[in-house]
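So the structure is just underneath, and the comments pick up after that.
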Amino acid sequence: MPNKKNIESVKALEERLKASPNLVLTTYQGLSTPELNDLRAKLKPLNSEYSVVKNTITSIALKNIGLEEFAKHFTGPTALAFQKGDPAALSKAVVDFAKTNEKLKIVAAYLDGKFLSDKEVKILASLPSREVLITKVAIMLNMPIQMMARVLNAPLQKLAGVIKALEQARTKEAPAATPAPAA
């Protein structure tokens, strides 16, 4: 029979998991407290948290909210990065930290409603940010319009050039006006 404290811990964790749907599961064995605090400081501007979790309580909470598949990955010393926001930014921050701190290992993730392996998290982290991708799409959508404007504008520019050339030719051909004799 579970004790009251564990039941409350599961309920609190369920609420936290529902409030922060982006999760990156890591192992942290061998990281010092200052290193963990450094990771937490890097995640804080992303509206993220990094917490060491108890596997049994976390597995129960995940099963209660329908994430049984993700609960299977909780073995050994584990910690979760929680975030409500851009999943790419979270994965990028954790992967960048893992590159400089080899003791931090990414196990799996649940980002934007999808389960990802450690390799998939690293691929996601290598993609440009959401803002950069939106900018690229906007440029690609704008390009045909710019090309069409150039194509439609070209005949007018050529016509203007022809008229200017004719005008210059006429001014060269016309004899200089001679002054009329004074009477």
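The values are calculated or read from the model by the stated rules, or taken from the named source; none is laboratory data. Keep in mind the model is a prediction, meaning the values are calculated, not measured. Cβ: placed from backbone, ideal geometry, glycine included. Neighbour counts: every protein chain shown.
Give the residue, chosen from F97, F70, that is among the aromatic types (F, W, Y), surrounded by 12 or more Cβ atoms within 10 Å (Cβ to Cβ) and at pLDDT below 90.
F70
Here the stretch 98-114 is the region considered, the condition is being over 18 Å from the mean Cα position of the chain (by Cα) and without any contact (Cβ under 8 Å) to a residue 60 or more places away in the chain, and the residue that is farthest from T33 (Cα to Cα) is K99.
Scan the stretch 28-58 for residues that are at positive phi and either surrounded by 14 or more Cβ atoms within 10 Å (Cβ to Cβ) or among the hydroxyl-bearing types (S, T, Y) (or both) and the total you get is 1. The condition (being in contact (Cβ under 8 Å) with a residue 60 or more places away in the chain, assigned to a strand (DSSP E or B), surrounded by 15 or more Cβ atoms within 10 Å (Cβ to Cβ) and assigned by TED's automatic domain parsing to the domain that holds K119) is satisfied by just one residue among L90, L25: L25. A108: modelled with pLDDT of 90 or more and not in a helix (DSSP H, G or I), yes or no? Yes; evaluated as a whole, the condition is true for this residue.
Residues are listed down the side, and each one gets a yes or a no for (1) under 29 Å from T33 (Cα atoms); (2) touching a strand residue (DSSP E or B) at 6+ places or on another chain (Cβ under 7 Å); (3) not hydroxyl-bearing (S, T, Y):
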| position | (1), (2), (3) |
| --- | --- |
| F70 | yes, yes, yes |
| L80 | yes, yes, yes |
| D86 | yes, no, yes |
| L116 | yes, yes, yes |
| M143 | no, no, yes |
| N153 | no, no, yes |
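S9 - would you say it is in a helix (DSSP H, G or I) and polar (S, T, N, Q)? Quick ask: steps written out before the conclusion?
On the way: in a helix (DSSP H, G or I): yes; polar (S, T, N, Q): yes.
So S9 fits the description; yes.
Filtering I123, I163, I145 for residues that are at pLDDT below 90 and surrounded by 12 or more Cβ atoms within 10 Å (Cβ to Cβ) leaves a single hit, I123.
Within the stretch 126-142, the set of residues being under 30 Å from D96 (Cβ atoms), aliphatic (A, V, I, L, M) and at pLDDT 85 or above comprises I134, V137, A138, I139, M140.
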